[in-house]
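Note sheet for the following structure.
Read the figures in this text as sums done on the coordinates, not as results from a lab. Fair warning: this is a prediction, and the values are worked out from it, not measured in the lab. Cβ: placed from backbone, ideal geometry, glycine included. Neighbour counts: every protein chain shown.
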Amino acid sequence: MYVSSLSPRFHKAYKARCVSLPVRLHPSVRRIQEVVSRVRALGSSSLESRTMVRDGLSGLTEIYRCLSEDLFKSSSETQQALLNSGLMDELLEVSLKYLEVCGGAKDGASRIKKSVVELQSALRRSKKGGEFSLEGDVDAYLATRKEIKKEIKKYMVMSKETEACLESSVWCDGRDDQDMSALVRVMQETSVITCFVLRIVLSFLSSPKGLKSKNHHQHKGWGIVMKLVKKGIDHHHHEKEFSCLELEAMEAALGKVVVVTTREDQEEEKEISEEVSEMIRCAVVRSKDVETAMEELEEGLEGLFKVMIQARVSLLNILST
């Protein structure tokens, strides 16, 4: 999935609303807009997917920290402006959706990491000798990935629906107060950029996708890795797509192990054994890369989840004053 397709309305929506902010506004509003612009620029960058996910989560966490620790706790005038904006109910409603999507993405990253660690153990056991068989472990991994993708699809739909609601919103229409308009605008831009980043994360977790093998029936669910082995991984091509290169590389390495270990030529048994040993080593290395990537993603999502909760609590506190 290409980055530009993740949020087709994002660039148009942002450009239409991005205007100079009044001088009187709280400094954190300017800071939030600066970070929003920086994160928005990721959509047209040539950075590797993993880097874009990390930078996007970092920027979004900074935005919500500004909201929860600064803007929402600033002057009574700002708090009153939020109350007068008529947006509190909508902000609280979408904040729950964001928390659900963020929590679901974090759970997905955690489950992928766990299944990959289990694969590592299976690969190491097979490397030590004995009867070579990864079928059960591979089936378990693929079953987990299928479940995760199903969950991710649900959260992707939720994110798209939230974005559509934001696009049809009339938050900024008919407001004569320039300060009020700017405050409302920055809240809407924060919501739009939140959808954008969360969709990037979900796309990252659901990759690789759409890969099927003509020989799918020969290795049950190994259609993904068999296709990857045949076509190879064109890194120049995948840099343009929003997918987890670490996952793709690991599944390609596992696919090669499967291909070699299903050969029937017994005369090449010794040569195959040496080849398999090297391929297993490569698969273990690739799986460690995935483990590291998922740990990094987990940490980023955990940090974002915490500041999102803080921002929601701050909004509730404004309502209760």
Quiz item: In a shell of Cβ-Cβ distance under 14 Å around VAL39, excluding VAL39 itself, what net charge do Lys and Arg (+1) and Asp and Glu (-1) give?
Solution: +2
Quiz item: Ranked from highest to lowest mean number of other Cβ atoms within 10 Å per residue, what is the order of the peptides 75-88, 102-115?
Solution: 102-115, 75-88
Quiz item: Which order do peptides 117-124, 249-256, 31-38 fall in by mean Cβ count within 10 Å, highest first?
Solution: 249-256, 31-38, 117-124
